[in-house]
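The values are calculated or read from the model by the stated rules, or taken from the named source; none is laboratory data. Model, not experiment: these values are computed from the prediction. Here the Cβ positions follow ideal geometry from the backbone for every residue, glycine too, while neighbour counts run over all protein chains shown. For the accessible areas, the whole protein counts, side chains as well, though only heavy atoms, and no ligand, DNA or RNA atoms are used. Shrake-Rupley method; radii C 1.70, N 1.55, O 1.52, S 1.80 Å.
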Protein chains: 2
Amino acid sequence: MTTARRSDATRAAILEAARERFASDGYERATIRAIARDAGIDPSMVMRYYGSKEGLFAAASDFELHLPELGALPSRHIGAVLVTHFLDRWERDDVLTGLLRVGVTNAAGVERMQAVFAEQLGPVTRGVCPDPAEAPRRAALVASQILGMALTRYVLRFPPTVEMSRDEIVAWLGPTIQRYLTAPEP
Amino acid sequence: MTTARRSDATRAAILEAARERFASDGYERATIRAIARDAGIDPSMVMRYYGSKEGLFAAASDFELHLPELGALPSRHIGAVLVTHFLDRWERDDVLTGLLRVGVTNAAGVERMQAVFAEQLGPVTRGVCPDPAEAPRRAALVASQILGMALTRYVLRFPPTVEMSRDEIVAWLGPTIQRYLTAPEP
DNA sequence: ACCGTTGGTCAACGCTTGTTGGCAAATATA
DNA sequence: TATATTTGCCAACAAGCGTTGACCAACGGT
């Protein structure tokens, strides 16, 4: 078993600062120097604890969507529940916005983004769509609408999208997600 | 009237190289030196003709969506026509992918992206949705689904999304766009 | 009280970046 | 032909980057 190290607080501070910087600035402009300054330590510590900038990003972009179990609730509410959950998730934790930013410029970000959605959204959809073999495709359609909303609302900040209330977004996007998951093939 | 300058060819070569680099690498990693090398000239020429890297980006990101007139065709086909058009546009011209890349990291990119969709998608929707006052909101919903598909298919390259045929995408997304544009408020 | 291990700072490295000014050749103007 | 303007290359700048290694202070076990 591993005992607690004295440097755990520093490691955590670096990680938190990194998440914020990656989220707000993207991969290239989130410099190790700035992250270290935010964490209140020397840039060389980042190298010692995470090896390189890529290693730091790998550690900082490891996260969970915490998707709810969809099998337990009435299938006609799945769409609304999912949209609500994603809006919650996105507004509570800006790592997601950061991953979106980084995923667009950086190869490692692309891989992480692919993995997160394949591993976490894929299984959840498998239980609720008509043919399990179609699950990945339907999950991808769901991802396209969810990520599109996240992109226009939290990154590009299109004014009409920002002004919409969460209830309005759920009312509009819920049926879309519902159809992508449960409707027969068009 | 302005007479043709001898350097017009160079200016155009710079602009074309810039578009490609911004598209494939994003703002930060698209260096002026690389753009100049692609264009076959010296980096200092880029500065002379476009003032700065930001000026170059402003010039390179000026483009048109070439949206079709929607009023002329049967209103029940609007969704499918729009999706088809956007897929066409995105696959023919990678400046759009580039703008998506840059818009996520760079403030100027965000502004340009906002302007393009507000000025070009907004007016087109005004003629086809029930209440013209709702046009911006409905256009934003359309943008969220269209950009989400572009993001997952052309930037993040989610495998299931990449493997889908254009017809499949139109069949799935068409009704979504159709509903966002023409359905009564949910 | 000693000594190895750990946590941390400091200064510097090699490199790349956007940007600038000087200078040679080509072209236009007279 | 003589002169002014445009077009381009070259070399360099200051700044910022990720990264490294030397060095000091604090701790833990014995």
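What single numbered condition from (1) part of a helix (DSSP H, G or I); (2) at the interface with chain B (Cβ under 10 Å from one of its Cβ atoms) fails to hold for residue A:157?
(1)
Do we find a residue being part of a helix (DSSP H, G or I) and within 20 Å of residue A:113 (Cα to Cα) anywhere in the stretch B:162-177?
Looking for residues that are part of a helix (DSSP H, G or I) and within 20 Å of residue A:113 (Cα to Cα), one finds at least one in the stretch B:162-177, hence yes.
On the given criteria, is residue B:98 within 14 Å of another protein chain (Cβ to nearest Cβ), away from DNA strand D (no atom under 13 Å from the Cβ) and part of a helix (DSSP H, G or I)?
yes
For residue B:100, are the conditions met, namely being within 20 Å of residue B:123 (Cβ to Cβ), of a type outside the set (Gly, Ala, Ser) and either open to solvent by less than 60 Å² (accessible area, probe 1.4 Å) or in contact (Cβ under 8 Å) with a residue 40 or more places away in the chain (or both)?
Numbers: within 20 Å of residue B:123 (Cβ to Cβ): no; of a type outside the set (Gly, Ala, Ser): yes; either open to solvent by less than 60 Å² (accessible area, probe 1.4 Å) or in contact (Cβ under 8 Å) with a residue 40 or more places away in the chain (or both): yes.
Considered against the rule, which asks whether it is within 20 Å of residue B:123 (Cβ to Cβ), of a type outside the set (Gly, Ala, Ser) and either open to solvent by less than 60 Å² (accessible area, probe 1.4 Å) or in contact (Cβ under 8 Å) with a residue 40 or more places away in the chain (or both), residue B:100 comes out as no.
Table: residues versus (1) in a helix (DSSP H, G or I); (2) within 24 Å of residue A:145 (Cβ to Cβ); (3) within 16 Å of DNA strand D (Cβ to nearest atom).
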residue	(1), (2), (3)
A:54	yes, no, yes
A:72	no, yes, no
A:84	yes, yes, no
A:113	yes, yes, no
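Name the residue, out of A:136, A:186, that is open to solvent by 10 Å² or more (accessible area, probe 1.4 Å), over 29 Å from residue A:60 (Cβ atoms) and within 7 Å of another protein chain (Cβ to nearest Cβ).
Unique residue meeting the criteria: A:186.
Counting just the residues of the stretch B:26-37 that are in contact (Cβ under 8 Å) with a residue 24 or more places away in the chain and more than 12 Å from DNA strand D (Cβ to nearest atom), which one comes out farthest from the other protein chains (Cβ to nearest Cβ)?
The selected residue is B:27.
What single numbered condition from (1) in contact (Cβ under 8 Å) with a residue 24 or more places away in the chain; (2) more than 16 Å from DNA strand D (Cβ to nearest atom) fails to hold for residue A:61?
With respect to (1) in contact (Cβ under 8 Å) with a residue 24 or more places away in the chain; (2) more than 16 Å from DNA strand D (Cβ to nearest atom), residue A:61 is out only on (2).
Listed residues A:72, A:12, A:59; which is surrounded by fewer than 18 Cβ atoms within 10 Å (Cβ to Cβ) and within 19 Å of the chain's Cα centre (by Cα)?
Of A:72, A:12, A:59, the one residue that is surrounded by fewer than 18 Cβ atoms within 10 Å (Cβ to Cβ) and within 19 Å of the chain's Cα centre (by Cα) is A:59.
Could you go through the stretch A:1-22 and let me know if any residue there is more than 16 Å from DNA strand C (Cβ to nearest atom) and among the small types (Gly, Ala, Ser).
Among the residues of the stretch A:1-22, not one is more than 16 Å from DNA strand C (Cβ to nearest atom) and among the small types (Gly, Ala, Ser), which makes the answer no.
Would you point out the residue of the stretch A:25-52, among those that are more than 10 Å from DNA strand C (Cβ to nearest atom) and assigned to a loop (DSSP other than H, G, I, E, B), that is nearest to residue A:9 (Cα to Cα)?
The qualifying residue nearest to residue A:9 (Cα to Cα) is A:51.
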